[in-house]
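Here the structure comes first, spelled out in structure tokens, and everything after it is commentary.
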Amino acid sequence: MLAHEANYDGLIGPTHNYGGLSTGNLASAKNKGLIAKPRAAALQGLQKMKLMADAGLVQGVLPPHARPNILELRFMGFSGSDENVLQSAWRANPILVRNMYSASSMWSANAATVSPSADCADGNLHFTPANLSTMLHRSIEHEQTGRALRAAFPNAVVHDALPMQSSYSDEGAANHVRLCAEQGQKGVELFVYGRDALAGLAETKFPSRQTLQASHIIASRHQLSGAHTVFAKQSPQVIDAGAFHNDVVCVGAKQCLFYHELAFEDTAGILAALTKAAAGLFEPQFVEVSNEDVPLNDAITAYLFNSMLVQFPGEERLTLVAPTETENNKFTKLYCDKLIAGNGPIGAVKYVDVRQSMRNGGGPACLRLRVVLTDVELADTNSKMLLDDKLFAQLSKWVNKHYRENLEPNDLQDTELMHESFTALDALTGIMGLGGDFYPFQRN
Ligand code: SUG
């Protein structure tokens, strides 16, 4: 059956800032406290979406979450008007407020794990929103993410997130790769985990955000066939070098798995398991990047693997949509030049500027959630959440009208920023046809 690989990007919200909130994410730590540029950030994200849409790919938009998260602050015991809640929380602990202000829902690769209907025994498209339980600022996303996914895909199965317990910690599609011959055909799903929660002590200094147990449960909920599902362990070394998600060192598309040689604990075992799982379906193509060609630290800072690996219409080979940081690093640039000149499955590289997101550790691949849709499923999606020229123009105008140019750490105590953010999001629900009760602040 014919199917499309759609990309649903998280629209970057009006409170984008550098909170230094993600231990183990080197960019987040390094850029803590930097003056952020929310307007430029959102426009960069929109440009990337437009690039994909203009190339003829299905491009969706997931709305930002309401920040600051006043509901969560109320749950923590702050009370009174929204202004009082924000101000008393700031007096109690500005770091708490930073967590409640994060625009982190932009990284929609972490929104959910997605299994296309071709892979699921019941023939439905399945989503499990990620609980993102490792980081406070991200653990408050899953409910609103579920609402957004249900709005975008009214006929799909959208499960609840896994329980908020560290044995179940789950970071969504950032630790999941699907390989296939053609998008509409049965594929092989690879779940990459950092930690077996039942195996004892943590092996890493930085958090291992995905557990084997979470991956098992998702595969079972999505009704995947055991024969075509592979579970692979990230190497502790890469986590401690700053690969807080597998998609920092690995990306896959169609038959191709593109990864750093140090990405996995047992590379030979994983490749053998993938080959076996794909038997009778397709022949996997493995593109391994050696540490000699691209040292791990360069791969992580330049985000070579956090690129989107895309089949553009009319192109025979895959294209890597990489961040400009990859172009600016001598190892990764040279590697990309070699890829293009070679005759492997990746035949082109396009560089995109998503610098504002990159400074928080989010490259082109972090900003999108891939959803394989048959023609029928595509027709069932909410068309107001699909990017065309009209929506692009509307969203660009909306960003220019509502977003601040600069945002400094101390601006987060400003109740005006909260009002601006809520006013912007209220207007967005109109543009995207999300109804008047999509956000908690609309339901008061
Ligand atoms: O969870 N950064 C995100 C980046 C997520 C990238 N996603 C993928 N690799 N798919 C994270 O660490 C930083 C926020 C701050 O520090 O303000 C942050 O949350």
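The values are calculated or read from the model by the stated rules, or taken from the named source; none is laboratory data. Small disclaimer: the values here were computed from a predicted structure and weren't measured. Using ideal geometry, Cβ is built from the backbone for each residue, glycine included, and neighbour counts are taken over all protein chains shown. Side chains are part of the model used for accessible areas, which takes the heavy atoms of the whole protein and leaves out ligands, DNA and RNA. Shrake-Rupley method; radii C 1.70, N 1.55, O 1.52, S 1.80 Å.
As a calculated quantity, the FRET efficiency between Glu182 and Asp293 at R0 = 30 Å, using C-beta atoms, amounts to about 0.45. Converting the Cα gyration tensor eigenvalues of the chain into ellipsoid dimensions via √(5λ) gives semi-axes, longest first, of 32, 24, 22 Å.
Placing +1 on each Lys and Arg Cβ and -1 on each Asp and Glu Cβ, with no other charges, gives the stretch 219-356 a dipole about its Cα centre of roughly 360 debye. Axis angle, to the nearest 10 degrees, between helix 38-54 and the longest C-alpha principal axis of the chain: 40 degrees. Per residue, the Cα convex hull of the stretch 241-383 amounts to 140 Å³. Under 19 Å Cα to Cα from Lys338, which aspartates and glutamates show up? Leave out anything in the same chain fewer than 8 places away. Within reach: Glu261, Glu288, Glu292, Asp293, Asp298, Glu315, Glu316, Glu325, Glu327.
Summed over qualifying helices (DSSP H, 4 residues or more, each -39500 (n - 2.57)) and divided by its residue number, the chain shows a 222 nm mean residue ellipticity of -9500 deg cm²/dmol. For Lys276, a cut-off of 19 angstrom between C-alpha atoms picks up these lysines, skipping any fewer than 8 places away in its own chain: Lys186, Lys233, Lys254.
Each residue of the stretch 255-267 is assigned a 3J(HN,Hα), and the resulting list reads 8, 9, 10, 10, 8, 7, 4, 9, 4, 10, 6, 10, 4 Hz, derived from the Karplus form 6.51 cos²θ - 1.76 cosθ + 1.60 (θ = phi - 60°), x at Gly and Pro. Between the alpha-carbon centres of the stretch 79-109 and the stretch 220-295 there is a gap of 37 Å.
Of the two radii for the stretch 390-444, the radius of gyration is 1.01 times the Kirkwood radius, both from the alpha carbons; that is the Rg over Rh value. Over all Cα atoms in the stretch 123-167, the spread is summed up by Rg and Dmax: 11.2, 35 Å. Full extension of the chain between Ile431 and Phe231 yields a length gain of 67.9 nm, computed as 0.36 nm times the residue separation minus the alpha carbon distance.
For the stretch 1-73, the calculated P(r), taken from all Cα-Cα distances in 5 Å bins from zero up to the bin holding the longest distance, is 3, 14, 16, 19, 19, 14, 9, 4, 2, 0 percent. If you plug the beta carbon distance of Gln285 and Ala92 into 1/(1 + (r/R0)^6) with R0 = 56 Å, you get a FRET efficiency near 0.55. Dipole size of the stretch 111-249 about its Cα centre, with +1 on Lys/Arg Cβ and -1 on Asp/Glu Cβ: approximately 80 debye, rounded to the nearest 20.
In the stretch 191-246, the alpha-carbon atoms span a convex hull of 73 Å³ per residue.
For Asp9, Asp293, the ranking by accessible surface with the largest value first comes to Asp293, Asp9, using a 1.4 Å probe.
Using bins of 5 Å that start at zero, the share of Cα-Cα pairs per bin across the stretch 343-444 amounts to 2, 8, 12, 15, 21, 19, 11, 5, 4, 2, 1, 0, in whole %.
Placing +1 on the Cβ of every Lys and Arg and -1 on the Cβ of every Asp and Glu, with no other charges, gives the chain a dipole of roughly 620 debye about its Cα centre.
Projecting the Cα atoms of Phe282, Ile346, Phe78 onto the charge dipole of the chain, computed from C-beta unit charges around the Cα centre, puts Phe78 farthest toward the positive end.
Taking 19 Å as the straight-line reach from the Cα of Lys397, the lysines in range (excluding those fewer than 8 positions away in the same chain) are Lys37, Lys48, Lys50, Lys384.
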